[in-house]
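Read the structure below first, then the notes.
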Amino acid sequence: MATVLRQVFVISGAIFVIVLLALGAGCRPATMGSVEGRVTFKGKPLGTGLVVFVGTDGHATLPAAVEPDGSFRIPKVPIGVMRVSFDNPPPPNLPAAAVKGVSEDPEITVLREQAKRFVATPARYKDPTSSGLSFEIIAGVNTCDLDLQ
Amino acid sequence: MTATGYYAAVASPGWVGLKRIGAYMCPSDTSLNSEGMLVTDTNANNLKGASYAANAQAFTKTNANGTIADYEGLNQISRNFTDGTSKTVLFAEKIGCCVSHSSGGTMWARNNLQSSALSPHFANQHVGPTYGFQTGLASHTDCTQRIPSTFHAALGVVLADGSVRSVASSVTPAVWWAALTIAGGDGAGTEF
């Protein structure tokens, strides 16, 4: 009988701890948000480039590619004030156009399209400490439009 | 004329780039199939994949800001690696198929477009102290192209002194960049 009671006590204790942990996890404040927006240069959407958000501790988000319509999205960004880097390197040198009737390397086809959209932007936007771009991320979905001049 | 794959500049049945090389494939890199193909690829005549890539900053000639001036770098450790060798990265993990074979990954013999997102090197296009690396991938579809990536919790690298180590995900992009440059005067320091 004493053994059974001890087992019941241990199992009840374990369940109590699990419930406490679950409640604790539920009450924990969010540490991440997401951000989406559009990059424009002198009012016109850009169709190339990369956006990175950099925290004051030096940690950075993964780079987000700017889509042909100028939009970008970063699914995980730490909450707080972040500096923003916009890198827009010129298109690479590409091989001559494919011979008629021969399928072209798909990646080169994509890069040719990107090259057509490329518009040079000031290099200062690449360095987050001099870009002048910053944004406070809060929990949930954030909208951050970047209008470069 | 033999059938050619999209990603083969010189494709013939015996061409080396079409070979699977097991030593270039990490067993836990599920973005490559057993034939060495990128998992989204169905064209057996395309180049085969790898799980590792070279640091373009170490193997090319670069401008002061890290952009590539000449892919034929001709660097020598004794002459050009002024940041030292024990904290300078030569190779790192970079998964074989990053999202899809038409957009990114690592083809070990990709040679017709050096700036490719599929070439076996990194820090060639994404250069500077804001670009880090990606660890703990759950799927190749979560991958970000052109930067080192791994399914492991930490990134495996080979350093210029020949040693191998894991780099924790907590390392900042600025410290990582210091470990990629060979003569930046910016030794990666104790954080690396």
Checklist outcome for this item: Quick count over region B:55-93, residues being without any contact (Cβ under 8 Å) to a residue 60 or more places away in the chain, more than 14 Å from chain A (Cβ to nearest Cβ) and touching a Ser or Thr at 6+ places or on another chain (Cβ under 8 Å), is 2
Checklist entry - Can you tell me how many residues in region B:106-132 are facing another protein chain (nearest Cβ under 7 Å) and either of a type in the set (D, E) or touching a helix residue (DSSP H, G or I) at 6+ places or on another chain (Cβ under 7 Å) (or both)? => result 8
Checklist entry - So which residues in region B:62-94 are modelled with pLDDT of 95 or more, hydrophobic (A, V, I, L, M, F, W, C) and crowded, with 20+ Cβ neighbours inside 10 Å, if there are any at all? => result B:V89, B:L90, B:F91, B:A92
Checklist outcome for this item: Checked A:E136, A:E104 against criteria (away from chain B (no Cβ under 12 Å), among the acidic types (D, E) and either over 19 Å from B:C143 (Cα atoms) or more than 12 Å from the chain's Cα centre (by Cα) (or both)); the one match is A:E136
Next on the checklist: Out of everything in region B:169-180 that is in contact with a strand residue (DSSP E or B) (Cβ under 8 Å, 6 or more places away or on another chain) and assigned to a loop (DSSP other than H, G, I, E, B), what residue ends up being nearest to B:E93 (Cα to Cα)?
Outcome noted: B:S169
Checklist entry - Out of region B:21-71, which residues are over 23 Å from B:T135 (Cβ atoms), over 17 Å from the mean Cα position of the chain (by Cα) and assigned to a loop (DSSP other than H, G, I, E, B)? => result B:S34, B:E35, B:D41, B:T42, B:N43, B:A44, B:N45, B:N46, B:N63, B:A64, B:N65
Checklist outcome for this item: Considering region A:57-88, residues that are part of a strand (DSSP E or B) and of a type in the set (G, A, S), and then whichever is surrounded by the most Cβ atoms within 10 Å (Cβ to Cβ), we arrive at A:S85
Checklist entry - Going by the conditions given, is A:P91 out of contact with any Asp or Glu (no Cβ under 8 Å at 6 or more places or on another chain) and facing chain B (nearest Cβ under 10 Å)? => result yes
Checklist entry - Can you spot a residue in region B:138-157 that is of a type in the set (A, V, I, L, M) and within 8 Å of chain A (Cβ to nearest Cβ)? => result yes
Item to check | Among (1) of a type in the set (S, T, Y); (2) in a helix (DSSP H, G or I); (3) more than 10 Å from every other protein chain (Cβ to nearest Cβ), the one test that A:T109 misses | outcome: (3)
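The values are calculated or read from the model by the stated rules, or taken from the named source; none is laboratory data. Predicted model, so just to flag it, every value in this text is computed and none were measured. Counting neighbours? That spans all protein chains shown, and the Cβs are built from the backbone with ideal geometry, glycine included.
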